[in-house]
Amino acid sequence: MLFRAYCATCVGLEVIPVVVEVSLQPGVGIFLVGLPDSAVKESLLRVTTALQSCGYRVPGRKVVINLAPANIRKEGSGYDVAIALGLLAASGQISPPDIQDFLIMGELALDGSLRGVHGVLPVALKGAELGFRRCIFPVDSSVEAAQVEGVKVFGAETLSDVVDIVSGADGIERLVVDREPRKVQPCMLGVDFMDVMGQDFAKRGLEIAASGAHNLILSGPPGSGKSFMASCLASILPPMDKQESLETSAIYSVAGLLTGNGGLVTQRPFRTPHNTSSVVAMVGGGPNATPGEISLAHNGVLYLDEISLFSPTTLDLLRQPLEERSISISRARYKVTYPASFMLVGSMNPCPCGYLGEQGDKCTCTPGMIARYQAKISGPLLDRIDLNIKVKPVDKGALVRCARGESSSDIARRVAAAREIQRLRFKGSGIFTNSQMDARQLQEYCPLGESQKRFMESVMEKFSLSARGYSRILRVSRTIADMAGEENISAAHISEAVQYRFRDFL
């Protein structure tokens, strides 16, 4: 007898449906084919032991289990439940009437309980696209999938629960995972711009960056508050909408970072990798095509503290995702593409000792040391930075007086208003912010009058702007105009964008 059950495997974010075919033939032995890896091969022992623990019998005949399509390598432990159901149905111990309607994933423990698996959210999204009306996942992984519209998600704790669901037993509705309204939690980092003393110029630059999702670098002496202000950036970013939340959550699901957290990612990611992080940790890859830090920062912030201490190779690998908003990882066994639309935020000292340009001639670095230090960040990468913010030492008077500034909640309201203007402007175009505009959209949404064109020509000539630098100044100018609630870009908006563009100009 031949029986089929349906599950799936993830190669990056690409979900490939897998059909588990179980056939009983005369003879003895259990054979698993279909290019399984070691974890899948070991499933036979897990499945047979779990079946016996739940009171079922293992067929005493020749059993052939095929994972189709056979030309794609199967990895992980998510096929256990589908294999177990195939054995039970093929041996006549259960008779599921509508098994073709179910997409099933889960790892079996030896006692028959289900353990969570990675990639449930993209699998559920693919299931809805393919027309599966119901999905069965381990209860620990089912909450994230419940947000997918078009499918009914069951959360099973044991193999017996799965058998009840596919057999249509009474009371299975209790196992349906409720699709609760998406709860957007406020930022919980415990930092607030209210605690930043002075630094009005830097705070204005951070507000512009947050309003348009622009890349920026903070440069200044030690103790000037660069790292603290960068961490405060998370407190003024607007919450993600449903589409952004699903995109980001799918990446975290594949990485195994959603299991047990109770649903989707609603706060914008704020990733802070250490400067010793490897290339694979940053861009992704490894044996299982795991997403890296730049993909985990999708729709959020990638913060590189002491950016000049990162290896030049690692920094130059950021150039493609900063331009294309995605990262392609090619290896001998796979080629995957992850989305990587993030704000790059870096902080650094102006020189190795950190005191270049400060009063009192405190800098002890030679010109050669300074040149080598600043050359660690390549020109092409700097060309992709929208705002270069020079952070001055903290004003001693403001520090002593504890002169608190504007709160993050007040700034966040202005950022949200600017983002709403952009959301309406780009509705239906697949982008969300000014920083994502392409050349055609720049022409459409950033028209300049004659006086503005003459001003831009003088700026380009004075600073030898590249075409990329010109377009980035236009994007920042568009954001500043949106913050002011103005439809057209003025020379004042361009002038402010220019002063944040060049470190030597500040």
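The values are calculated or read from the model by the stated rules, or taken from the named source; none is laboratory data. Here the structure is a predicted model, which is why all the values come from computation and not from measurement. Counting neighbours? That spans all protein chains shown, and the Cβs are built from the backbone with ideal geometry, glycine included. The protein model used for the area step is the full one, side chains on, heavy atoms only, and it has no ligands, DNA or RNA in it. Shrake-Rupley method; radii C 1.70, N 1.55, O 1.52, S 1.80 Å.
Data for the structure
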quantity	calculated
Peptides ranked, highest mean first, by Cβ atoms within 10 Å: ranges 79-92, 1-14	79-92, 1-14
Label point distance in nm, E129-Q93, each placed 7 Å from Cα along Cα→Cβ	3.5 nm
Label-point separation, D170 to R319 (7 Å along Cα→Cβ), nm	6.9 nm
Per-pair calculated FRET efficiency, R0 = 60 Å: L382 and L35 via Cβ, rounded to 0.05	0.85
Apportionment of accessible area to carbon and sulfur, the chain, percent (1.4 Å)	52 percent
Size of charge dipole - the chain - debye, nearest 20, with Cβ of Lys, Arg +1 and Asp, Glu -1, no other charges	840 debye
Residue-span extension gain [R115 to M1] - 0.36 nm each, minus C-alpha spacing	38.1 nm
Normalised contact order of segment 1-157, rounded percent, pairs of Cα under 8 Å and 6 or more residues apart	24 percent
Bridge type composition, the chain - antiparallel percent by DSSP, nearest 5	50 percent
Reachable lysines, given that their alpha-carbon falls under 21 Å from the alpha-carbon of K390 and they are not under 8 places away in the same chain	K203, K226, K362, K376, K462
Cross-link table K74/K152; K126/K427; K242/K427; K152/K427; K41/K126, entries beyond 18 Å C-alpha to C-alpha	K74/K152; K126/K427; K152/K427; K41/K126
Inter-centroid distance (Cα atoms) of segment 429-503 relative to segment 84-102, Å	62 Å
Taking the chain and dividing mean pair separation by its residue count, relative contact order in percent (alpha carbons under 8 Å, at least six apart)	14 percent
Proximal charge balance of A68 [Cβ under 15 Å; K/R count +1, D/E count -1]	+2
Efficiency of FRET from Cβ geometry, T337 and A492, R₀ 45 Å, rounded to 0.05	0.65
Pair M194, E157: separation of 7 Å Cα→Cβ label points (nm)	4.4 nm
Nearby aspartates and glutamates by direct alpha-carbon distance to K453 (threshold 20 angstrom, same-chain neighbours under 8 apart not counted)	D386, D438, E444, E461, D482, E486, E487, E496
Mean Cβ neighbour count within 10 Å, used as a protection proxy, ranking 113-121, 286-294 highest first	113-121, 286-294
Average Cα contact separation per residue, segment 259-416, under 8 Å, 6 or more apart, as relative contact order %	19 percent
Residue-span extension gain [N275 to I370] - 0.36 nm each, minus C-alpha spacing	32.2 nm
Extended-chain gain in nm, criterion 0.36 nm per residue less alpha-carbon gap, I16 and R404	134.3 nm
Value at 222 nm in deg cm²/dmol, rounded to 500, when DSSP H runs of n ≥ 4 in the chain each add -39,500 (n - 2.57)	-10500 deg cm²/dmol
Cα gyration tensor category, rounded, prolate or oblate, for the chain with a/c compared to 1.5	prolate
DSSP-assigned coil residues among trypsin sites (Lys or Arg not before Pro) in segment 242-325, each with at most 16 further Cβ atoms within 10 Å	R325
Accessible solvent surface per residue of the chain, calculated while the other protein chains remain in place, 1.4 angstrom probe, Å²	43 Å²
